[in-house]
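The structure under discussion appears below in the form of structure tokens.
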Amino acid sequence: MIDPGPPGTFRLAPSILAADFGELAARVHEIDAETDWLHVDVMDGHFVPNVSIGPPVVRSLRPYSTRFFDCHLMMTEPGRYLEAFKKAGADGCTVHVEVGGTKSLIEDARALGLRVGLAANPDTPFQQVAPFLGDIDLLLLMTVFPGFGGQTFMGDVMSKVVSARREVDQQRLALDIEVDGGIDVSTAPVAVGAGANVLVAGSAIFGASEPLEAAHSLREAARS
């Protein structure tokens, strides 16, 4: 597994969902200097109303990047695919608390040597993920409803980010807090101010005319 870096430090995780898949390796290489992690959105067409990619794309991309592969499994049955993603080159896999069986999924991912993440949709109460904070490496709080890129940032989720940061700090947990959805130069400082330290951005980077410059601007905005 590629070293993700010390928990709690700032990381920018461009989402390849917004990239040109016909030139995916080239587009990933283009922004490498401003990339900490690569975020891989996996959609099954059941848990979310869209279909994206699977282990074959991860396997194909792996030789072209030395970055940590942060795989977000928006799937009804993620447990069936954890091993396949691990073998394909995933470094971390994040599953949704809404699908249930969370304890077993965490244990299975850990046994495979994956870095373990747990995600929650915007309308899922913080209380549903709170019991698992000590068992995971990453908490992903969605700032849009998962399924499609380019959505508008939901500021109401920041109250959950604040709650998560409070618990992480009070319990001194080695846990990253990630947000995903509508992240751009205006929303990045809001998310970081609330307590997030990993920002996922797709359209704001890959949709820009100069993706590397856009990623740099987003990083600078998050630091402001």
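The values are calculated or read from the model by the stated rules, or taken from the named source; none is laboratory data. Everything quoted here is computed from the prediction, not taken from an experiment. Glycine also receives a Cβ, built like all others from the backbone with ideal geometry; neighbour counts cover every protein chain displayed.
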Quiz item: When you scan the range 167-211, how many residues do you find that are of a type in the set (Gly, Ala, Ser), in a helix (DSSP H, G or I) and surrounded by fewer than 24 Cβ atoms within 10 Å (Cβ to Cβ)?
Solution: 3
Quiz item: So Pro146 clears everything in (1) within 19 Å of Arg11 (Cβ to Cβ); (2) buried (at least 17 other Cβ atoms within 10 Å of the Cβ) except one condition, right? Which one?
Solution: (1)
Self-check item: Number of the condition not met by Ala111 [criteria: (1) more than 20 Å from Pro4 (Cβ to Cβ); (2) without any contact (Cβ under 8 Å) to a residue 24 or more places away in the chain]
Solution: (1)
Practice problem: Taking the residues in the range 176-196 that are of a type outside the set (Gly, Ala, Ser) and touching a strand residue (DSSP E or B) at 6+ places or on another chain (Cβ under 6 Å) as candidates, determine which candidate is farthest from Phe145 (Cα to Cα). | Solution: Asp176
Exercise. Could you list all residues from the range 97-136 that are under 17 Å from Met75 (Cα atoms), outside any helix (DSSP H, G or I) and among the small types (Gly, Ala, Ser)?
Key: Gly100, Gly101, Gly117, Ala119, Ala120
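To keep it simple, each residue is scored yes or no on (1) crowded, with 19+ Cβ neighbours inside 10 Å; (2) within 26 Å of Ala214 (Cβ to Cβ).
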{"site": "Ala13", "(1), (2)": "yes, yes"}
{"site": "Ala33", "(1), (2)": "no, yes"}
{"site": "Asp44", "(1), (2)": "no, no"}
{"site": "Tyr64", "(1), (2)": "no, yes"}
{"site": "Met75", "(1), (2)": "yes, no"}
Quiz item: Of the residues that sit in the range 25-62 and are in a loop (DSSP other than H, G, I, E, B) and among the hydroxyl-bearing types (Ser, Thr, Tyr), which one is modelled with the lowest pLDDT?
Solution: Ser52
Quiz prompt | Criterion: modelled with pLDDT of 95 or more and out of contact with any Ser or Thr (no Cβ under 8 Å at 6 or more places or on another chain) - qualifying residue of Ala174, Ala201 | solution = Ala174
Quiz item: Under 9 Å by Cβ, and 6 or more places apart or on different chains, what pairs join a residue from the range 172-183 that is closer than 11 Å to Val198 by Cα with one that is in a strand (DSSP E or B) and modelled with pLDDT under 95?
Solution: none
Exercise. Take Ser159 and decide whether it is surrounded by fewer than 16 Cβ atoms within 10 Å (Cβ to Cβ), among the small types (Gly, Ala, Ser) and part of a helix (DSSP H, G or I).
Key: yes
Quiz item: For the range 74-93, how many residues meet the condition of being in a helix (DSSP H, G or I), more than 17 Å from Glu178 (Cβ to Cβ) and touching a strand residue (DSSP E or B) at 6+ places or on another chain (Cβ under 7 Å)?
Solution: 2
